[in-house]
Amino acid sequence: MSPQQNNNPNKIAIIGAGGVGATTAYALMIKGIGSEIVLIDINKQKAEGEAMDLNHGSSFVNPVKVYAGDYSDCKDAKIIIITAGAKQKPNESRLDLVAKNVEIFKEMIPQITEYNDNCILLVVSNPVDILTYITLKLSGFPKERVFGSGTVLDSSRFRSLLSESCNIAANNVHGYIIGEHGDSKVAAWSLTNIAGTSLDDYCPVCEETCTRDSQEQIAKQVKDAAYKIIERKGSTFYAIALATSKIVRSILRDENSVLTVSTLLQGEYGVEDICLSLPTVLNSSGIDRVLTLNLEPEERDAFVKSAETLQEVSKNLNL
Ligand code: NAD
């Protein structure tokens, strides 16, 4: 396919029709994002079953075509969302999945790019930062068109916990989790604000009673969230599906939204040649720009440490 070929601007392919892939299709469908969604899975029957189930709700949503396909159906998709691969078991970290999922990606990415070299690749499978980096290398696509869901989910968990603690709607609470979508993630408290006001100014006029300890508790709860959910129900899929649908909407609607997707860093805070999350502007071309905002020195140090954790893993990959 030539890079000039036009993709269908409303077509989305989802590789992996498991919990995350199928729920993402559902979130896209009920939010009216995209008009064609193809589900591709090594387990074709699973993809077929999910597509049938989703289609049976089509009279309740905006017109959308949902079907099970194979890699050739990637051919004119604007965005290809990758959710295939092994998931965490209880007590397993995301980085424990590296070996299994890298092998799957080595097989999968060339099959996608054979049919479409002009799309945006959005990686969701874990460990998402490492797999985004690998997808970038294996596809040969420009960095603007390959990124991961990164800490978009963690930032939403952060906002939701702050919303509960401050008794303020989550959409009026702004905050970002940066760094690895994993154990070394960093809460950027200095970028957090409520109703446009920094926490330093907001907290003294807030009627809730929380302390610096509560902030540490919230950051810890964000870090432990996936482990707690996996312990209870085996996997997480609703919030990541909503996070992924928000990323897709930002692209399809050319929104210039700021989201903490995982993208190739090229010197931001001195970090390079690794994919990690920072607040990033997203539009129909994919990554528009990464924002290097004013972090506190300890947040910056923690971010650099997060990068070092991933660089350690990445240098042992046999690409
Ligand atoms: P799942 O086991 O329910 O689904 C995975 C699907 O991938 C299965 O249907 C399987 O058949 C398919 N698959 C495996 N190898 C394939 C291949 N080579 N080609 C096509 N399909 C293949 O798992 P899940 O709960 O949907 O999780 C999927 C991934 O998403 C995991 O890596 C999980 O850790 C990750 N995840 C990421 C986030 C995030 O924030 N980034 C959040 C939750 C889960």
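Is it the case that the range 238-249 has a residue that's of a type outside the set (Asp, Glu) and in contact with a His (Cβ under 7 Å, 6 or more places away or on another chain)?
Taking every residue of the range 238-249 in turn, none turns out to be of a type outside the set (Asp, Glu) and in contact with a His (Cβ under 7 Å, 6 or more places away or on another chain).
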- Message: Anything in the range 136-167 that is free of Cβ contacts under 8 Å to residues at least 24 places away in the same chain and farther than 18 Å from THR192 by Cβ? List them, or say none.
- Response: PRO142
- Unmet criterion (only one of (1) closer than 22 Å to SER284 by Cα; (2) within 11 Å of the ligand (Cβ to nearest atom); (3) not in a strand (DSSP E or B)) for GLY32: (2)
- Filtered residues of the range 35-56 (kept if in a loop (DSSP other than H, G, I, E, B) and under 20 Å from GLU107 (Cα atoms)): ASP41, ILE42, ASN43
- Do you know which residues across the range 239-285 are open to solvent by 40 Å² or more (accessible area, probe 1.4 Å), β-branched (Val, Ile, Thr) and either within 20 Å of PRO142 (Cβ to Cβ) or in a helix (DSSP H, G or I) (or both)? none
- Give me the pairs: first residue in the range 67-88 and touching a residue at least 24 places away in the same chain (Cβ under 8 Å) and within 12 Å of the ligand (Cβ to nearest atom), second residue small (Gly, Ala, Ser) and assigned to a helix (DSSP H, G or I), beta-carbon distance under 8 Å, and six or more apart or on different chains, which are they? ALA68/ALA47; ALA68/ALA51; GLY69/ALA47; ILE81/GLY21; THR83/GLY21; ALA84/GLY21; LYS87/GLY19; GLN88/ALA226
- Query: Is it the case that LYS220 is outside the structural domain of ILE287 (by TED's automatic domain parsing) and open to solvent by 20 Å² or more (accessible area, probe 1.4 Å)?
  - Reply: no
- Residue among SER125, SER165, SER160 that is among the small types (Gly, Ala, Ser), within 23 Å of ILE230 (Cα to Cα) and not assigned by TED's automatic domain parsing to the domain that holds LEU39: SER160
- Task: Give me a count of the residues in the range 89-136 that are crowded, with 20+ Cβ neighbours inside 10 Å, in a loop (DSSP other than H, G, I, E, B) and within 10 Å of the ligand (Cβ to nearest atom).
- Result: 4
- Going by the conditions given, is GLY21 within 16 Å of the ligand (Cβ to nearest atom), buried (at least 23 other Cβ atoms within 10 Å of the Cβ) and closer than 30 Å to LYS89 by Cβ? yes
- Message: Looking only at residues that are farther than 19 Å from LYS246 by Cα and in contact with an Asp or Glu (Cβ under 7 Å, 6 or more places away or on another chain) in the range 30-69, which one is most open to solvent (accessible area, probe 1.4 Å)?
- Response: LYS65
- Within the range 197-238, how many residues turn out to be farther than 18 Å from SER165 by Cβ and assigned to a loop (DSSP other than H, G, I, E, B)? 4
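So that you can scan it fast, the table gives a plain yes or no per residue for (1) surrounded by fewer than 24 Cβ atoms within 10 Å (Cβ to Cβ); (2) closer than 18 Å to SER125 by Cα; (3) within 14 Å of the chain's Cα centre (by Cα); (4) within 16 Å of the ligand (Cβ to nearest atom):
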| position | (1), (2), (3), (4) |
| --- | --- |
| LEU138 | yes, yes, no, yes |
| PHE141 | yes, no, no, no |
| SER149 | no, yes, yes, yes |
| SER155 | no, yes, yes, yes |
| PHE158 | no, no, no, yes |
| SER163 | yes, no, no, no |
| ASN167 | yes, no, no, no |
| VAL173 | yes, no, no, no |
| GLY182 | yes, yes, yes, yes |
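The values are calculated or read from the model by the stated rules, or taken from the named source; none is laboratory data. All of these numbers come straight from a predicted model, not from anything done at the bench. Quick reminder, even Gly has a Cβ in these numbers, built from the backbone with ideal geometry, and neighbours come from all protein chains shown. Remember, those area values only see protein heavy atoms, side chains included, never the ligands or the DNA or RNA. Shrake-Rupley method; radii C 1.70, N 1.55, O 1.52, S 1.80 Å.
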